[in-house]
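Each remark here refers to the structure printed beneath this line.
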Amino acid sequence: MPEPQTDPKSIIKEAEERMKKSLESLQKEFNNIRAARASATMLDHVHAEYYGSDMPINQLAQISVPESRMILITPYDKSALTAIEKGILKSDLNLTPQSDGNVIRLILPELSGERRQELVKQVKHRLEEARVAIRNIRRDTNDEIKKLTGKGHSEDEIKAAQDDVQKMTDRYIKKGEDAASEKEKSILTV
């Protein structure tokens, strides 16, 4: 366990790093939620068994998006084609790969209105999880700052640090909400 910080600024800096990581994690979650348009990032979490090891597909093939509803996967090694297909079938994408022996095409079906609403609910759920994580970081940070009372730091300094933590928390929650709003828009756009 790291030794306790003795300076409010360093505690706040550490908290900001943790909040950034929460926001990055949220963005990765959003990338995994399928939108109306195809995106190469949809395959970031898909792995394939290749020569006995589990590898991400984006390390086995070039992934491109030639059309708004199609992903084209060109393996660097043709022998990886079948493994990539199996990896896609095992994933939670619910897409059937179409192979011609050289490349794999993933055609994204049109999203129904009901499915779009389910995806929007997923986005809102992930956003709420990120908000909770950021608020937990705020709570932990404020607790660490309160422990500094009487250890060479004035009450005004402690109060100012807690105000800074609150402003930072509000800023990161707003960034998460903006990202969620953007994702919802991309899901609902027909």
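Values quoted throughout were computed directly from the atomic coordinates according to the rules given, and no laboratory measurement underlies them. Nothing here was measured: the structure is a model prediction, and the numbers come from that model. Please note: Cβ atoms are built from the backbone with ideal geometry, for glycine as well, and neighbour counts cover all protein chains shown.
The table that follows gives values for the structure above.
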{"quantity": "Sites residue 124 and residue 96, calculated FRET efficiency, Cβ-Cβ separation with R0 30 Å, nearest 0.05", "calculated": "0.55"}
{"quantity": "At 1.306 mPa s and 10 °C, Stokes D of the range 40-107 from Kirkwood alpha-carbon radius, µm² per second", "calculated": "137"}
{"quantity": "Extension gain, residue 156 back to residue 62 (0.36 nm per residue minus Cα-Cα distance, nm)", "calculated": "28.2 nm"}
{"quantity": "Computed lengthening from residue 114 to residue 14, 0.36 nm per intervening residue step minus Cα-Cα distance", "calculated": "31.8 nm"}
{"quantity": "Flagged links, alpha-carbon separation over 27 Å, of 21/167; 146/183; 147/167; 21/121; 20/183", "calculated": "146/183"}
{"quantity": "FRET efficiency for residue 55 and residue 7, using Cβ-Cβ distance with R0 set to 41 Å, rounded to 0.05", "calculated": "0.40"}
{"quantity": "Net lengthening on full extension, residue 89/residue 149 (0.36 nm per residue, minus Cα-Cα)", "calculated": "15.9 nm"}
{"quantity": "Label point distance in nm, residue 74-residue 28, each placed 7 Å from Cα along Cα→Cβ", "calculated": "2.8"}
{"quantity": "Sorted by Cβ density within 10 Å, fewest first, the residues 47, 153, 125", "calculated": "125, 153, 47"}
{"quantity": "Positive dipole terminus of the chain, leading residue within 148, 8, 136 (C-beta point charges)", "calculated": "136"}
{"quantity": "Net charge dipole size for the chain [Lys, Arg +1 and Asp, Glu -1 on Cβ; Debye, nearest 20]", "calculated": "380"}
{"quantity": "Estimated FRET transfer efficiency (residue 82, residue 41; beta-carbon r; R0 25 Å; 0.05)", "calculated": "0.60"}
{"quantity": "Residue of 32, 58, 94 that the Gaussian network model of the chain assigns the largest fluctuation, springs spanning Cα pairs under 10 Å", "calculated": "94"}
{"quantity": "For q = 0.22 Å⁻¹, Debye-computed log10 I/I(0) when each Cα of the range 62-181 counts as one equal scatterer", "calculated": "-1.14"}
{"quantity": "Angle in degrees between helix 81-90 and the longest Cα principal axis of the chain, rounded to the nearest 10", "calculated": "60"}
